[in-house]
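What follows is a short report on a single structure.
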């Protein structure tokens, strides 16, 4: 007999598959990172500052699959600043608006320390303080290919 309501719980496994543009020469996000685990014994560490749970989960998965070690995600300026002061990492991805609080103090501290960072945000360049407009920025939503290329460029100090 067919029941109108299925049993509770997840019955099948599922996974999040990041979108990857087919015309960029690779078919997996890790093709663009240059950081595949089997080729490097030391992973590059990326600080992730993002307050949207689902987006941070996808970003974390994309970065880890490409071989990066992810610190965070941190969902507030206070948590991000604590991580900046207590952790060592190679670069950072910053959402601009964290539940109504702007991430610019974190960006300023990263710049002061010489740690590369990029913004991942829906904010237009014109809406950002002028002193941060020259830093790399990817618009939300960004696919895995663009994200990983941006991270690779940021870590190698190339403009996005």
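Read the figures in this text as sums done on the coordinates, not as results from a lab. Please read these numbers as outputs of a predicted model, since none were measured by experiment. A quick note on method: Cβ atoms are made from the backbone with ideal geometry, for glycine too, and the neighbour counts reach across all protein chains shown.
Couple of notes before you dig in:
- DSSP-defined beta bridges in the stretch 45-155 - what % are antiparallel, rounded to 5: 10
- If you wrap the Cα atoms of the stretch 45-155 in a convex hull and average its projected area over all directions, you get 6.0 nm².
- Protection proxy ranking, highest mean first, for peptides 90-100, 129-139, 50-60: 90-100, 50-60, 129-139, where packing is the per-residue count of other beta-carbon atoms within 10 Å, averaged.
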